[in-house]
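Following: one structure in C-alpha cells, then a few remarks.
The values are calculated or read from the model by the stated rules, or taken from the named source; none is laboratory data. Predicted, not measured: the structure shown is a model, and the values here were computed from it. Note that each Cβ is placed from the backbone with ideal geometry, even for glycine, and that neighbours are counted across all protein chains shown.
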Amino acid sequence: MANESKLLPAIIAHCKEYGFIFPSSEIYDGLQAVYDYGQMGSELKKNIKDHWWRSMTQLQENIVGLDAAIFMHPTTWKASGHVDNFNDPMIDNKDSNKRYRVDHLIEAHADQLKETGKTAEADQLIADMEALLGKDDFAGLKSLIETNKVSCSISGTCNWTDIRQFNLMFATEFGSTEGEDNKVYLRPETAQGIFVNFLNVQKTGRMKVPFGIAQVGKAFRNEIVARQFIFRMREFEQMEMQFFVRPGTQKEWYEYWKEARLKWHLALGLPVDKYRYHDHVKLAHYADAACDIEFAFPMGFKELEGIHSRTDFDLKQHQEYSKKKQQYFDNDVDPATGKPYGNYIPYVIETSIGLDRMFLAVISHAYEEQDLSTEEKQDSRVVLKLPPVLAPIKMAVLPLNKKDGLPEIADAILADCRPHFRCFYEEKDSIGKRYRRMDALGTPFCVTVDYQTKEDNTVTIRHRDSMEQERVPISALRSIVQQAITI
Ligand code: GAP
C-alpha cells in the first residue's frame with residue numbers, strides 16, 4: 001500500500017489513467033482547481049448522487065427535491081450575507097500598487113525557495129501559511145510575509161499594506177450591458193435556492209412542518225487555497241437538504257440529522273474509524289449548533305459534510321429583503337396552550353455534503369495496492385474496493401475466446417442484464433489481464449464464459465475483493481448482482 005504522503009498522488013494518477021478524473025482543459029495545461037470527470041468518474045459520481053438522492057427523498061416520508069437555477073437574483077446574496085461576509089485575504093504592494101491574493105504570493109515565494117533547493121524551508125512556509133489562514137490571523141500572515149522577505153515581482157520591495165478581505169463569489173454580467181446593475185453571481189452554495197423556494201414548495205406540495213427540501217447542484221467559489229485535488233475546487237457540486245422545523249424543536253432535529261447522516265455513510269460499508277464528528281466551537285452568526293462529519297482523507301481527517309442548525313436566519317433575511325412574508329401556518333395544537341401553533345418562520349437544520357469530496361472519500365478508501373507474489377512468481381494488483389452500489393461497472397462479461405460461439409453467449413447475458421445495471425464486455429487480452437483491468441476500475445463481478453458454458457449453461461463469477469471464483473448457472477447472474485448492489 002502506498003504510504004500516506006504517496007497515497008494522494010497515486011490516487012490522482014490512477015484517476016487519470018483509468019478515466020475517472022482529468023484536469024480541466026488539459027491540452028491548455030489545465031485550469032487550477034477545476035476538473036473533468038471521465039467515462040468512469042462520471043458514472044461513479046452519478047451513482048453517489050443517485051444514492052444520496054434516493055436516501056434523502058424517495059426513502060423519506062417528508063423530503064422532496066428541487067432543482068433551482070445557478071443564477072439567482074443578486075439581492076439573494078446580500079440577504080444571505082455572502083456579499084458582505086464570504087471573503088478571503090489579499091494584500092497590496094504600496095510601491096507597484098499590485099494586488100495579490102495572500103496565498104498566491106506566499107506560494108510563489110515557496111516555489112522560488114524550492115527552485116534554489118530550500119525545500120524544507122518552502123514546506124514550512126506553506127504549513128505556517130495554512131495554519132494562519134485557518135485561524136483568520138491576518139496580522140500573523142502579514143508578519144509571515146515580512147519575516148520571510150516575500151517581495152513584489154514588479155517593484156521588488158517588501159512594502160506591503162495590511163491584509164484585507166476578498167470575496168469568494170464569482171461575478172458575471174447578466175444580459176448585454178455591463179455595469180453594477182447587471183452583476184450576478186455564480187451561486188456559492190445551493191442552499192439559497194432552497195430558501196427562496198421554501199413557500200413555493202410548501203404550498204404546492206402541501207408540505208407540513210417538519211419537512212425537507214433536497215437539492216444537488218453546482219456551486220462555485222474562488223477558493224484561496226485550492227489544492228489537494230478534488231478536495232477543494234473552484235467549481236464543485238453540493239448535495240444539500242434543508243429541514244424546516246417548528247421553533248424550539250431544532251435541537252432534537254439537529255441531533256437526529258447528525259446521527260442519520262453518519263449512518264448513511266456507514267451503510268455504504270465505509271468503516272467507522274474513518275469518521276469523526278468535529279463540533280464547531282466558534283459558531284457562524286446564524287447558527288445555534290454546527291458540526292462537521294470528518295473523514296480520514298489521504299491528507300488526514302478533514303471536513304466531508306456539515307450539519308448546521310441555521311435557526312430562522314435565512315428565511316428571516318429573505319423576508320426582510322424581499323418584503324414578502326416567509327411564514328408557515330401550523331394548525332397543529334400546542335398542548336401547552338390548547339391552541340394552534342399558528343404563524344411562524346420555521347427553523348432550519350441543514351445537511352450539506354460535497355459530492356466531489358464524497359467521491360474522494362470513497363475512492364481513497366477503496367484504493368488498494370496489493371502484493372500477490374508467491375514463491376513461484378511476482379504479482380501485484382491495484383484494486384478499487386468500491387461499494388458495489390457505487391461501482392461504475394457492476395459486471396464485466398469476458399468470453400474466454402473470441403470464437404466458438406462464446407461471444408454469442410456473452411451477448412445473451414448482456415442483453416438480459418444491461419437493462420438492470422451497467423455491464424461491460426471485453427474479449428481482448430488474456431483473462432488475467434482483463435481481471436486486473438476490471439479490479440482497477442472497481443468492477444465487483446467478472447463473469448467468464450468458457451467451453452463448459454456451452455455444455456451446461458454455467459459460467460464462473462469472480463468476486464473482486466476475494467478474487468474467489470464460483471461456478472453458477474447463467475440464470476442466477478442477474479439476481480446475484482442485483483442483491484449485491486441493493487442497500
Ligand atoms: N450551505 C452550507 C455550506 O455551503 P460549507 O461547509 O461551506 O457549507 C458544505 O460547504 C460542503 O460543501 C462541505 O462540507 C464540503 O463537502 C463541500 N465544499 C465546500 N467547499 C468546497 C470546495 N471548494 N470544493 C469541494 N467541496 C466543497
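The single condition among (1) touching a helix residue (DSSP H, G or I) at 6+ places or on another chain (Cβ under 9 Å); (2) among the small types (Gly, Ala, Ser); (3) farther than 30 Å from Glu369 by Cα that Ala440 does not satisfy is (3).
Inspect the stretch 347-358 for any residue being part of a strand (DSSP E or B) and away from the ligand (no atom under 14 Å from the Cβ) and give the result as yes or no.
The answer is yes, given that some residue of the stretch 347-358 is part of a strand (DSSP E or B) and away from the ligand (no atom under 14 Å from the Cβ).
For the stretch 226-250, filtering for residues that are within 9 Å of the ligand (Cβ to nearest atom) and not charged (D, E, K, R) leaves 8.
Number of residues in the stretch 302-323 that are in contact (Cβ under 8 Å) with a residue 40 or more places away in the chain and either of a type in the set (A, V, I, L, M, F, W, C) or over 28 Å from Lys282 (Cα atoms) (or both): the value is 4.
Any residue that is in a helix (DSSP H, G or I) and within 20 Å of Gly38 (Cβ to Cβ) - is there at least one of those in the stretch 440-449? Yes, there is a match, as at least one residue in the stretch 440-449 is in a helix (DSSP H, G or I) and within 20 Å of Gly38 (Cβ to Cβ).
Does Leu270 fit the bill of being surrounded by fewer than 15 Cβ atoms within 10 Å (Cβ to Cβ) and either in the same structural domain as Asp334 (by TED's automatic domain parsing) or among the aliphatic types (A, V, I, L, M) (or both)?
Here the answer is no, as Leu270 does not meet what is asked.
Only a single criterion out of (1) loosely packed, with under 14 Cβ neighbours inside 10 Å; (2) touching a Ser or Thr at 6+ places or on another chain (Cβ under 7 Å) is not satisfied by Gly65, namely (1).
Residue-wise test of (1) within 15 Å of the ligand (Cβ to nearest atom); (2) buried (at least 17 other Cβ atoms within 10 Å of the Cβ); (3) at positive phi.
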residue	(1), (2), (3)
His278	yes, no, no
Cys291	yes, yes, no
Lys316	no, no, no
Asp332	no, no, no
Ala336	no, no, no
Pro340	no, no, no
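Here the stretch 198-225 is the region considered, the condition is being among the small types (Gly, Ala, Ser) and within 12 Å of the ligand (Cβ to nearest atom), and the residue that is farthest from Asp136 (Cα to Cα) is Gly217. Under 23 Å from Val201 (Cα atoms), of a type in the set (A, V, I, L, M) and outside any strand (DSSP E or B): is that true of Ala68 in this structure? Taking the combined requirement at face value, the residue satisfies it.
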